[in-house]
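Worksheet: the structure to be examined is printed underneath.
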Amino acid sequence: MNGKITRPSLLDPRFLMAGMKESVKRLRPRDQVGNPVMFTVWVGSLLTTALFVQALFGHGEAPAGFIFAVAAWLWFTVLFANYATAAAEGRGKAQARALRAARQSIKARRLKEPRRDATAEEVDAEALRKGDIVLIEAGQAIPADGEIIEGIAYVDESAVTGESAPVIRESGGDRGGVTGGTRVLSDWIVVRVTVDPGESFLDRMIGLVEGARRQKTPNEIALSILLAALTIIFLAVCATLLPMSIYSVREAGAGKVATLTALVALFVCLAPTTIGGLLAAIGIAGMDRLLQANVLATSGRAVEAAGDVDTLLLDKTGTITLGNRQATEFIPAPGVDEKELADAAHLSSLADETPEGRSIVVLAKERFGLRGRDIQPLGARFLPFTAQTRMSGVDLGARTIRKGAADAIGAFVGAQGGRFPAEARVVVETIAKDGGTPLVVADGARVLGVIRLKDVLKGGIAERFAELRRMGIKTVMITGDNPLTAAAIAAEAGVDDFLAEATPEKKLELIRQCQTEGRLVAMTCDGTNYAPALAQADVAVAINDGAQAAKEAGNMVDLDSNPTKLVEIVRIGKQLLITRGALTTFSVANDVAKYFAIIPAVFASTYPQLGALNVMRLATPQSAILSAVIFNALIIIALIPLAIKGVRYRAVSAARLLRDNVLLYGVGGLIAPFLGIKLIDVLLTALRLA
Amino acid sequence: MTVMGVTQILIYLAALVALAKPLGAYMARVYEGSPLWLEKAFGPIERLIYRLSGIDPRAEMAWRTYAAAMLLFNLAGMAVLYLLLRMQGRLPLNPQHMGAMRPDTAFNIAASFSTNTNWQNYSGEASLSYLTQMAGLTVHNFLSAATGMAILAALIRGLKRRLCATVGNFWFDLVRGTLYILLPLSLAFALFLVSQGVVQTFRPYARAALVEGGQPQTIALGPAASQIAIKQLGTNGGGFFNANSAHPFENPTPLSNFFEVLAILVISAALCHTLGEMVGDARQGWALLAAMMIVFVGLLAVCLWAEQAGNPRLAALGVDPRALEAEGGDPLWTQAGGNMEGKETRFGIANSVLWATATTAASNGSVNSMHDSYTPLGGLIPMLMMQLGEVIFGGVGSGLYGMLLFVIVTVFLAGLMVGRTPEYLGKKIGAYEMKMASLGILVPALLVLGGTALGVMNASALAGRANPGAHGLSEILYAFSSMANNNGSAFAGLDANRPFYNLLGGMAMLIGRYWVAIPTLAIAGSLARKRTVPQGPGTLPTHGPLFVCLLIAVVLIVGALTFLPALALGPIVEQLRMMGG
């Protein structure tokens, strides 16, 4: 992150103004019906306003000033809830604007055929459809998400990733995906567009942070149902109080029947307005936090699911270990000089462009000062590594030098009447057991020795896994290595389990098996061959550097290409749920104090003995009702920062987390309103407002 | 409070907990279809029932089929009972020549007994024939109880099964619950009651000449023991006689009192262990039992205190409500004191309060004292027990499945607070479960509030009150709390045999029963179809003290928030008046 997008502060005056305007605009009924809790408050506000108008004409059930104050604060309750949503969306929108700016007014050169020299026409980026072929040259912006089919180029992706260093993108392999809005810096590429307009990753993400296209997640729906049920109960409580009050007044022959104003006030105080008003804001802010972590998500559902993940599958290469294996040692066979082994290994690797091959050349140079040699005149013929032979090598006249897996070399020397020395076999096994990869070198029928290739772990990876374990997540490493090697690396890195000799089918099978057991599987990887597995996983994080196919299959893209980003994603998913739970608990716990404020106020005229319930010693019935309503409205404003930033999550056991949150938001929610309502009552009385 | 009283309560609680495990484990075997020793005796009857009615007891039902079977069976039973009540005058076993019931009364009774409510708007000895009592009410006492337990069994299967479309067979659960649980227990208990002096006869009422002459006294008799055994065990509560278990022919001795009050809670308590046993984690059952027990003991203590403290107004008039130690100071012979109005002197404060709390905690509703005469706070406790939704023990089966609805809400809140999609026993709780659980908790509360609101505005309903003012409101509130939550307990004063209470109350009982039962079965069906999520370090344990506390808090807060305003206008203001003047 380099702060490429300025996120407005919640206290920025311009931001505040925009939010207020938006809050007023959202008083329209159609913006309110979606949220049953706030809609009932909205209706209550209308009702009290009507009662106020009636009071102005002298037929009021209570002093007009009092009804006005209640009505005004009920409107504020609705406005504050609107403001919370507007504020969360505002922050998302600022971000979306920045993202969208990257894509504005891009022209594209559409090709008739998938060749660089095919005839081209100039079109708007918006006009591009899936399957179109475009040519992008140095200095031009990439018009849409797509896959490189020809060429190689340096691409500046800072517009979406914030990373200033350009990256290489080329056709074929895992680095063929490009994102719309990024810029080609050098050379040229021919790209096949993979999305229709409005469907690109960026479009989907913008939709999510803007809130306009945001759909409620399953958990949010379940919570809404609970909140609606509570609202119905409190509606019934307040509605049935009217006949009970009429009865009581008649029977006691004293006092006044509860006013509609008071009953509406009681209802609004009891209804879970705190969580109801902040629910949308929490969801939007969660998506926004994800974007802050430089992760693009295509659905809120996936983010929520991330909080539930209990199994994490990681690709070894590039995730747990640094890119590729490095040669670290030459171990000669008995009767062979180490230098002879190094020389043969060096020769066989000169034309080997694989990272392993290059690391052998480097090691030989370091150990024996062997330099690059021009071997073409010697009539050298290189044999590249193939999956069938599982070895590579060089033919130099009569010499046939080979390096490869132990069994492949064993077969090779065997065919020429040679023998695989027992000592070398021991070395091979030792290396494999230590987590290295043994590469056996043979010259004709003679085994020269073994090269040790080793994986180098990424820094800090073990700590990350420890954190995941505390979160209750099991980590599984996936690798193509043999079981011995895999076990050693797994132990070193501290993962809980591993899948060795993995093929795409085996990966898919592992995920399915975990899911059958009821586990929720997250997966993070980059390669095209992972696409089926990604599509199967519940939470699939593709790496931005990775193949387009992987990005399409995943439901999140990590722009930083940092595979352990999942820790962050899980944290954000959990935070989202915890924030909702904490505010719901707080909201319901608040009701106890409100009863103690309003019930004596409403009924003390009929039954003076109920004054004993006025434990806060609020000054007058009117100040009591007003204080409760004001507290109820202000608490929404007070909790906006918490809703937007989210409740802190720590990786501790579930029981401890629950205990802490219940104490803070449950017990705190029980006590806080007693203090708050009393304080407001004291202020109102001091200012002679009620 | 007397030493004797507290000791008896402690013995009671100990016996209740001790019986939970063996009985719970046995009931688990009944519903799992495991071989039982009793099958030697009842096995042929069980098979005969299946054969005669053409039922395949192994045919699995989806929840909708299960619910339909349950509803049809209950509807048929209700219709038969209604006809029986209307035609009893022309049927045999009617030595007192009881006439037909009024249609609204008959509807209310039929609804009451088929929903396991046993709200009684009639006086048994003055209006029912022996045939109606035995073939109508007693049969329903068995079947409504077995229905409740069957629904619970289906829900437990839902929790336990994975990727399964069915929740069991209703007929299997109904027949086995009746034959292997209710019938043997009732048989033994009825014999015990007879040994204590409870009447069991077909003879007409006895007539006794009085020493002072005049009209001879009629002494009501009947086949009481057989009905009382099941009315206690099956959380039914409908007394054979109007005075219910305050009547010496229903509850003659201290020993009969102890076992009758034990029978009120024993099956409901043991079913907690049945749940633990069937889901393969006994701790889960103990946690639920602990939550129930804590609320029960807490409210019992409040009620006990209120009754023992008595009425300060009376104390001011020189009627000392304090416990008085006898001469010599032997605590065993303490005069109990306290508020004795409406209580049998032979039971005293402790046994009356224990019964009142137990009978309203479980949806039993039988009484051995008159709750209307309790101090306001003492009377508030039984009312609150019902308003909590009959989940503190509750009706057999229905209490625990009602509690499980609260568990679903609790794990939902708790799950959110630990950052995981909520789950209970490895089953994810989604929007569907929340919708059904909310419905199950919402409906009875709405019925209580709505019924009371209509009651205080209806002239006929108001005329049924025994008292004006706040206590009159308490009477109406108590009646609807009792009917909507299928308890059946009555706040003695109210004359409820009026079309208003009969029809509205009858509807409240039916809706309160089936609008909870059907969502429960829907949850069972939905959970059975789900996979089970394995337990991990991120899973919230649902057997620890923290979860128990949270569950209690949710039950109490939902109940308190819903009924506090109504209670404030009834018992709370009465209590404040009594204390403050």
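At-a-glance table
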item	result
When residues of segment A:469-496 are limited to those that are among the small types (G, A, S) and in a loop (DSSP other than H, G, I, E, B), the one nearest to the other protein chains (Cβ to nearest Cβ)	A:G472
In segment B:437-447, residue nearest to the other protein chains (Cβ to nearest Cβ) [restricted to those that are touching a residue at least 60 places away in the same chain (Cβ under 8 Å) and surrounded by fewer than 24 Cβ atoms within 10 Å (Cβ to Cβ)]	B:L439
Residue count, segment A:498-515 (criterion: under 24 Å from the mean Cα position of the chain (by Cα) and either surrounded by fewer than 16 Cβ atoms within 10 Å (Cβ to Cβ) or aliphatic (A, V, I, L, M) (or both))	4
Options A:G646, A:G666; residue that is touching a Ser or Thr at 6+ places or on another chain (Cβ under 6 Å), in contact (Cβ under 8 Å) with a residue 24 or more places away in the chain, surrounded by fewer than 24 Cβ atoms within 10 Å (Cβ to Cβ) and under 23 Å from A:A229 (Cβ atoms)	A:G666
Yes/no for B:A76 being among the hydrophobic types (A, V, I, L, M, F, W, C), in contact (Cβ under 8 Å) with a residue 60 or more places away in the chain and either loosely packed, with under 15 Cβ neighbours inside 10 Å or in contact with a helix residue (DSSP H, G or I) (Cβ under 9 Å, 6 or more places away or on another chain) (or both)	no
Hits in segment A:270-313 - residues which are surrounded by fewer than 24 Cβ atoms within 10 Å (Cβ to Cβ) and polar (S, T, N, Q)	A:Q292, A:N294, A:T298, A:S299
Any hit, segment B:142-149, residues being more than 24 Å from the chain's Cα centre (by Cα), at negative phi and either of a type in the set (G, A, S) or outside any helix (DSSP H, G or I) (or both)	no
Residue in segment A:440-462 that is free of Cβ contacts under 8 Å to residues at least 24 places away in the same chain, surrounded by fewer than 22 Cβ atoms within 10 Å (Cβ to Cβ), assigned to a helix (DSSP H, G or I) and not hydroxyl-bearing (S, T, Y) present	no
Hits in segment B:525-576 (condition: at pLDDT below 90 and touching a Pro at 6+ places or on another chain (Cβ under 9 Å))	B:Q535, B:L540
Positions within segment B:195-211 being in contact (Cβ under 8 Å) with a residue 12 or more places away in the chain and part of a helix (DSSP H, G or I), in sequence order	B:Q196
Restricting segment A:389-436 to residues that are among the polar types (S, T, N, Q) and within 28 Å of A:A486 (Cα to Cα), the residue that is modelled with the lowest pLDDT	A:T389
Verdict on A:V567 being within 11 Å of another protein chain (Cβ to nearest Cβ), of a type in the set (A, V, I, L, M, F, W, C), surrounded by fewer than 21 Cβ atoms within 10 Å (Cβ to Cβ) and touching a Lys or Arg at 6+ places or on another chain (Cβ under 9 Å)	no
Residue list for segment A:395-404, restricted to those being buried (at least 16 other Cβ atoms within 10 Å of the Cβ) and within 11 Å of A:A442 (Cα to Cα)	A:T400, A:I401, A:R402, A:K403, A:G404
Close pairs from segment A:607-620: first away from chain B (no Cβ under 14 Å), partner assigned to a loop (DSSP other than H, G, I, E, B), Cβ under 8 Å, at least 6 apart	A:A619/A:A690; A:T620/A:A690
Some residue of segment B:463-475 being surrounded by 20 or more Cβ atoms within 10 Å (Cβ to Cβ) and farther than 27 Å from A:E251 by Cα	no
Output for segment B:88-140, where each listed residue is surrounded by fewer than 22 Cβ atoms within 10 Å (Cβ to Cβ) and of a type in the set (D, E)	B:D104
Residue within segment A:311-331 that is part of a helix (DSSP H, G or I) and either within 14 Å of chain B (Cβ to nearest Cβ) or more than 22 Å from A:V495 (Cβ to Cβ) (or both) present	no
A:T584 buried (at least 22 other Cβ atoms within 10 Å of the Cβ), under 22 Å from A:A280 (Cβ atoms) and within 9 Å of chain B (Cβ to nearest Cβ)	yes
Qualifying residue in segment B:415-436 (condition: assigned to a helix (DSSP H, G or I) and more than 10 Å from chain A (Cβ to nearest Cβ))	no
Elements of type helices (runs of 4 or more DSSP H) contained in segment B:464-581, each with 1 or more residues being more than 10 Å from chain A (Cβ to nearest Cβ) and of a type in the set (A, V, I, L, M)	B:469-484, B:499-529, B:545-567
Among (1) in a loop (DSSP other than H, G, I, E, B); (2) within 14 Å of chain B (Cβ to nearest Cβ) - the single one A:A302 does not satisfy	(1)
Residue within segment B:168-179 that is touching a strand residue (DSSP E or B) at 6+ places or on another chain (Cβ under 7 Å), assigned to a loop (DSSP other than H, G, I, E, B), closer than 28 Å to B:F73 by Cα and at pLDDT 95 or above present	yes
Pair list, Cβ < 7 Å and 6+ apart or interchain, from segment A:232-257 residues that are facing chain B (nearest Cβ under 8 Å) and surrounded by fewer than 16 Cβ atoms within 10 Å (Cβ to Cβ) to residues that are in a helix (DSSP H, G or I) and charged (D, E, K, R)	none
Test: B:G450 is at the interface with chain A (Cβ under 10 Å from one of its Cβ atoms) and out of contact with any helix residue (DSSP H, G or I) (no Cβ under 7 Å at 6 or more places or on another chain)	no
Subset of segment A:45-90 (residues that are surrounded by fewer than 23 Cβ atoms within 10 Å (Cβ to Cβ) and charged (D, E, K, R))	A:E61
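Yes or no, residue by residue, for (1) touching a Leu at 6+ places or on another chain (Cβ under 9 Å); (2) surrounded by 13 or more Cβ atoms within 10 Å (Cβ to Cβ); (3) aromatic (F, W, Y):
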| site | (1), (2), (3) |
| --- | --- |
| B:R203 | yes, no, no |
| B:R207 | no, no, no |
| B:E212 | no, no, no |
| B:Q215 | no, no, no |
| B:L221 | no, yes, no |
| B:Q227 | yes, yes, no |
| B:K231 | yes, yes, no |
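The values are calculated or read from the model by the stated rules, or taken from the named source; none is laboratory data. Keep in mind that what you see is a predicted model, and the values were worked out from it rather than measured. As a convention, Cβ positions derive from the backbone with ideal geometry for all residues, glycine included, and neighbour counts pool all protein chains shown.
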